[in-house]
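See below for the structure under consideration.
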Amino acid sequence: MTRDLIQALAASDDFSPLDLHFARFIARLAPDAPPDVALAAALVSRAQREGHICLDLPETKKKGFSSPVPLPESRAWRKALEQSRVTGKPGEFTPLILDEKGRLYLYRYWYYQQKMADGILARIGTSESPSLQIDEKTLDRLFPEPDRDRGPNTQRAAALNALTRGFCVISGGPGTGKTTVIAKLLGLLAQNQEDDPLRIALAAPTGKAAARMQEAILREGADADRTRLQEMIPDGASTLHRLLGAIPGSSRFRRGPGNPIPADLVVVDEASMVDFALMAKLVIALPEKARLILLGDKDQLASVEAGAVLGDICNTGRDGKSPGDAPIRESIVTLQKNYRFGEGSGIRELSRAVNRGDGAAAISILKDEAFPDIRWKGPYRPRDIPGDFAETVIEGFSPFLQNLSDPAAVFSNLERFRILCALRKGPYGVAAINRTAEKILQSRGLIHPYHQWYQGRPVMITRNDYGLRLFNGDVGVALLDPEARGEIRVFFPGPEGNIRKMHPHRLPEHETVYAMTVHKSQGSEFDTVLMLLPDRDTPVLTRELIYTGVTRARERAEIWGDEKVFEGAVARRIERSSGLRDALWETG
């Protein structure tokens, strides 16, 4: 019976070889169990691969899935799992964990969820870590209250939270001043912690985000004693993997309960990009009394890997319903005032409409000529791309390619424009669009791609290399190097404005990056963004993807697509099953 079930699953496109392997493994561990247990194993493996932390059995039964295998009745399914030796209750050590709400976990992800929830809940409220006291007058000077009709100063509230709580989340869109709040506080702490200075660790999920964070901290904290500030942050900002002590060739880290991170305060930027497992490992590796501050945009895309940690932490319940007065509510501050986009900004109005899920209003705003900073073009077809967007590509990349003698200017000009795609493959995907962009730029004599490594080729690293200090998402440019007899070297911007270079053959995995996916653009900002949407609906098109793409633009955003596809994307939210929200918000 179980063998027949797995054969039927194998005939479906819904399951990967890994899903089937796990189902067979569970069947071998519990040969007397009914086929429903192997089916649940295949489904929970698939759910994790698709970004979920658990398999919600009632929801799975209600929604169903495209497979020739029928789903069992919910009660019978749960009973079969509970009676199987491979399934345990929360706290037991079995391959599968089934909780009281019918959520089925791989043991590892139940463990991550439990440890993360325990670590966060233990820190909610006033921390016992070294005092971060700053007097009210100083806070008033740093974060003056605005006029009454403009509402409270949420930056001040965020600063107060960071000072008085062991766990704090500061959420807000680009330009709301998340990093500014922390930078000002750290600058003050550098002046007020003379006797027993705090040990502070700054981290982000990517090398680029970490470098930007460090630059912002040092810039905004310029009024402080810079030497003392750097002493408090001896390692500067780093990637989370580096902070945790990544072990090459392994998913494990050197830091953990027996070897915690040597810090009194840990600040994580771009927290929406951090996957569930990595965030759990960070919380597990924190010293017992260390404070944790998360900065991020709860409306942005979740990580590519499993989980939506920041969304779970910040969410006040499905459909906007608040689950009571949970203590975690007081640890979360959402910054509202935007210092980059004013009231007349099309980008601001568009992002608001997208976050409301109002696709019709978003289309109307895009087409409204009163907003010169946004533009809509559609519909368009793949065969239209080379002709229609050639001038956009030329205008966007010419400033970058016409001045390749000064690396600092190269990187500044490269940040002026970027093409963002929803997909990696197909005629609307990154690979095809990058090839098209190269052909257009070559036709105008701006590049000469006769070899793989031509002058001006922009590349993005796609795999971390800790030895070279190159990380997934880092962007470099191939340039002629006078110090290497005019040979090509790939230049990368470093923290505090320094430039690094290396031979192309030394680089880890990489790809050309005139265009990049919206996922890869997280943590980056460009003056102008052109976002290309496919001509038909696909599950990857969500409200969060549209919002993230639009808010990568500092000055101008342009979207090409089909109106129905766009409105469908705005109407669809990312839904990732997890018990973390309940664990944090149902505690009162």
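Based on the alpha-carbon set only, what is the convex hull volume of the range 343-502 divided per residue, in Å³?
169 Å³
Ignoring ligands, DNA and RNA, what percent of the 1.4 Å accessible area of the chain is carbon and sulfur? Each step should come with its number before you reach the end.
Values: 12530 of 26560 Å².
Summing carbon and sulfur atoms, their accessible area is 47 percent of the total for the chain.
At R0 = 45 Å, how high is the FRET efficiency between K439 and I574 if r is their beta carbon distance? Nearest 0.05 is fine. Walk me through the numbers on the way to the answer.
Details: r = 34 Å, r/R0 = 0.76.
E between K439 and I574, to the nearest 0.05, is 0.85.
Would you mind working out the accessible area per residue for the chain, using a 1.4 Å probe, and quoting it in Å²?
Numbers: 26560 Å² over 588 residues.
That works out to 45 Å² per residue.
May I ask you to list the aspartates and glutamates whose Cα is less than 18 Å away from that of K439, ignoring any residue fewer than eight positions away on the same chain?
D384, D388, E391, E395, E511
Work out the FRET efficiency for R500 and R75 from their Cβ-Cβ distance, taking R0 = 60 Å, and round it to the nearest 0.05.
Working: r = 60 Å, r/R0 = 1.01.
E(calc), rounded to 0.05, equals 0.50.
Below 16 Å, Cα to Cα, which lysines can K337 reach? Residues fewer than 8 away in the same chain don't count.
The reachable lysines, counting only those whose Cα sits under 16 Å from K337, are K178, K298.
Mind giving me the nanometre distance, one decimal, between the label points for D406 and D388, set 7 Å out from Cα along Cα→Cβ?
Placing both labels 7 Å along Cα→Cβ, they lie 3.7 nm apart.
Determine the shape class of the range 358-398: with a ≥ b ≥ c the square roots of the Cα gyration tensor eigenvalues, call it rounded for a/c under 1.5, and otherwise prolate if a/b is greater than b/c, oblate otherwise. If you can, show how the numbers build up before the last one.
Details: a/c = 3.53, a/b = 1.57, b/c = 2.24.
Oblate is the answer for the range 358-398, as a/c is 1.5 or above yet b/c matches or exceeds a/b.
Please go through the range 36-88 and write out the GluC sites (Glu not before Pro) that DSSP classes as loop and that have at most 16 other C-beta atoms within 10 Å. Kindly include the intermediate steps, with their values, before the conclusion.
On the way: sites: E50, E59, E73, E82; in loops: E50, E73.
Passing both the DSSP loop test and the Cβ count: E50, E73.
Please list, by residue number, every one of the chymotrypsin sites (Phe, Trp or Tyr not before Pro) in the range 67-109 that is coil in DSSP and has at most 16 other beta-carbon atoms within 10 Å. Intermediate values should be presented prior to the final figure.
Working: sites: W77, F93, Y105, Y107, Y109; in loops: F93.
Of the chymotrypsin sites (Phe, Trp or Tyr not before Pro), the ones in loops of the range 67-109 whose Cβ has at most 16 other Cβ atoms within 10 Å are F93.
In the range 402-422, which residues have a backbone nitrogen under 15 Å from the label point lying 7 Å from E511's Cα in the Cα-to-Cβ direction?
419-422
Lysines within cross-link reach of K564: Cα-Cα under 24 Å, excluding same-chain residues under 8 positions apart?
Output for K564: K63, K367, K377, K425.
Pull out the extension gain between R28 and K61, defined as 0.36 nm times the separation in residues minus the alpha carbon to alpha carbon distance; nm, one decimal.
Working: separation 33, 0.36 × 33 = 11.88 nm, distance 2.52 nm.
Extra length available between R28 and K61 comes to 9.4 nm.
Rg and Dmax of the chain, using alpha carbons, in Å: what are they?
25.0, 73
May I ask you to derive the relative contact order of the chain, considering only C-alpha pairs under 8 Å and at least 6 residues apart, and to give it as an integer percent?
Details: 1088 pairs, mean separation 83.6, N = 588.
Value for the chain: 14 percent.
Rounded to the nearest 0.05, what FRET efficiency do L18 and E82 have when you use their Cβ-Cβ distance and R0 = 25 Å? Don't skip to the answer; put the middle values down first.
Working: r = 25 Å, r/R0 = 1.01.
Calculated value: 0.50.
Over what distance in Å are the Cα centres of the range 519-588 and the range 421-453 separated?
For the range 519-588 versus the range 421-453, the Cα centre distance is 24 Å.
The values are calculated or read from the model by the stated rules, or taken from the named source; none is laboratory data. Bear in mind that the values here come from a model prediction, so they are computed numbers and not experimental data. All Cβ positions, glycine included, derive from the backbone under ideal geometry; neighbour counts span all protein chains shown. For accessibility, only protein heavy atoms count, side chains too; no ligands or nucleic acids. Shrake-Rupley method; radii C 1.70, N 1.55, O 1.52, S 1.80 Å.
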